[in-house]
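The values are calculated or read from the model by the stated rules, or taken from the named source; none is laboratory data. If you're wondering where the values come from, they're calculated on a predicted model, not measured in any experiment. Every residue, glycine among them, receives a Cβ derived from its backbone with ideal geometry; neighbour counts consider all protein chains shown.
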Amino acid sequence: IDELLSEGVDGKRVFVRADLNVPLDGTAITDDGRIRAVLPTVKALAEAGARVVVASHLGRPKGAPDPAFSLAPAAARLGELLGSEVRFATDTVGESAQSTVAGLAPGQVAVVENLRFNAGETSKDDAERGAFADRLAALADVYVGDGFGAVHRKHASVYDLPARLPHYAGHLIASEVAVLKKLTEDVRRPYVVALGGAKVSDKLAVIDQLLDKADRLLIGGGMAYTFLKAKGHEVGISLLQEDQIPVVKEYMERAEKKGVELVLPVDVLVAPEFPDLRTKAPANPTTVAADAIPADQEGLDIGPETRKLYASKLADAATVFWNGPMGVFEHPDYAEGTKAVAQALIDSPGFTVVGGGDSAAAVRTLGFDETAFGHISTGGGASLEYLEGKTLPGLAALED
Ligand code: 3PG
């Protein structure tokens with residue numbers, strides 16, 4: 001983007017592909033981290049006199065307009081954060097978008113409606129994606145990719161559109177890549193990775209890679225129960241990905257052979273049912289040993305001994321990557337595990353990276369100071385796939 005700014009953008013229509021996929025409670029944004037993350041790029045372009053057209057996806061609508069996934073709240077928040085008017089187009093490439101963009105004065109900013117209201121955005125068919133990218137291209141003179149959270153998606157606005165316009169990487173993408181590079185090249189050791197969240201299957205590929213890179217892997221969250229089961233423990237009615245057990249077993253064996261410390265919970269908080277996240281009514285969990293989960297109970301957070309254990313395993317780390325909450329942190333009775341890991345990262349003298357929408361949101365909604373971490377990535381799947389060493393379509397498209 002510095003190159004673009006030095007060439008000059010005055011009066012040019014600059015399309016900024018952002019990731020404004022923020023968590024919403026109705027129309028209220030519960031964490032605006034991703035909007036704040038794109039501000040440096042939007043501000044720099046607006047101050048340089050560009051006509052800035054910001055586009056993003058939000059959620060996973062089915063290729064047609066759906067008011068539940070409107071970007072209007074995100075556009076309003078962007079305006080508040082910029083301290084200036086942000087216009088909003090009620091479609092993505094139709095009449096509203098065209099007239100909104102045509103009406104922009106130099107230095108003004110508009111947001112167009114959710115890219116995924118158009119089937120072409122996510123289509124697997126190159127021609128269909130290309131046709132939508134052509135319509136997007138008609139809205140702009142220049143493309144700036146800054147939606148790091150979406151760079152792992154081969155979508156029209158991420159992959160096909162940059163091929164149609166002069167293209168540049170924004171500040172966010174540049175800084176995310178600079179940080180994540182440090183975790184893939186010449187990482188400082190001990191390198192400790194804490195992985196949580198619900199879906200083991202989403203993280204298997206990165207675990208596979210991390211067995212060659214990390215010194216220690218701490219497993220928590222919903223995925224821990226598949227590991228405990230693979231170790232031969234009963235897990236009651238806890239989340240379990242039965243089909244992944246053989247793969248997990250193989251990873252456990254490989255970790256042992258390679259001398260990678262794979263650390264599992266030693267105790268967990270359990271209850272007979274999932275907590276009510278709306279009322280946050282007391283859940284009254286009990287603490288049990290990880291090898292003694294009762295048949296009718298569900299594990300919902302790591303226990304107090306595990307919190308201490310994980311904190312000690314993080315204390316001497318020179319580099320930490322953390323992805324995925326340790327429990328159902330949205331409920332106060334199950335937030336302690338996630339808080340303990342967040343605190344351990346803050347206390348760590350090493351370089352700490354929080355990756356993933358949920359963990360980043362957890363850090364902020366639990367009241368931690370985000371500047372106390374080395375880096376909070378805006379990418380969930382994107383940061384994991386980067387660490388896997390995959391070619392990410394949205395980065396490849398910007399590289400030439
Ligand atoms: C994310 O939340 O990780 C990004 O915004 C990508 O969203 P997606 O998983 O729906 O493509």
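For the reader, a short list of remarks on this structure follows.
- Only listed residue being part of a helix (DSSP H, G or I), within 16 Å of the ligand (Cβ to nearest atom) and among the small types (Gly, Ala, Ser), chosen from 340, 361, 311: 361
- Residue 389 being more than 16 Å from the ligand (Cβ to nearest atom), part of a loop (DSSP other than H, G, I, E, B) and touching a residue at least 60 places away in the same chain (Cβ under 8 Å): yes
- When residue 125 is tested against (1) in contact (Cβ under 8 Å) with a residue 12 or more places away in the chain; (2) of a type outside the set (Val, Ile, Thr); (3) away from the ligand (no atom under 13 Å from the Cβ), just one condition goes unmet, and that condition is (1).
- Annotation note: Cβ proximity below 9 Å between a residue of the stretch 222-234 that is touching a residue at least 60 places away in the same chain (Cβ under 8 Å) and within 12 Å of residue 268 (Cβ to Cβ) and a residue that is crowded, with 20+ Cβ neighbours inside 10 Å and among the aromatic types (Phe, Trp, Tyr) (sequence gap 6+ or interchain) occurs for 233/225.
- Filtered by the rule that a residue be charged (D, E, K, R), over 16 Å from residue 21 (Cα atoms) and not in a loop (DSSP other than H, G, I, E, B), the stretch 63-94 gives 80, 87.
- Selection of helices (runs of 4 or more DSSP H) fully inside the stretch 179-278 by the criterion of at least 2 residues being modelled with pLDDT of 95 or more returns 224-230, 245-258.
- Residues satisfying the stated conditions in the stretch 17-39, i.e. among the aliphatic types (A, V, I, L, M) and either over 19 Å from the mean Cα position of the chain (by Cα) or more than 15 Å from the ligand (Cβ to nearest atom) (or both): 28, 39
- Flag for residue 292 being in contact with a Pro (Cβ under 8 Å, 6 or more places away or on another chain), of a type in the set (Gly, Ala, Ser) and not in a helix (DSSP H, G or I): no
- The residue that is farthest from residue 32 (Cα to Cα), among those in the stretch 364-386 that are within 11 Å of the ligand (Cβ to nearest atom) and surrounded by fewer than 24 Cβ atoms within 10 Å (Cβ to Cβ), is 385.
- Just one of the listed residues (60, 34) is outside any loop (DSSP other than H, G, I, E, B) and of a type in the set (Lys, Arg), and it is 34.
- Residues within the stretch 128-174 that are more than 20 Å from the chain's Cα centre (by Cα), of a type in the set (D, E, K, R) and either in a loop (DSSP other than H, G, I, E, B) or within 14 Å of the ligand (Cβ to nearest atom) (or both), tallied: 1
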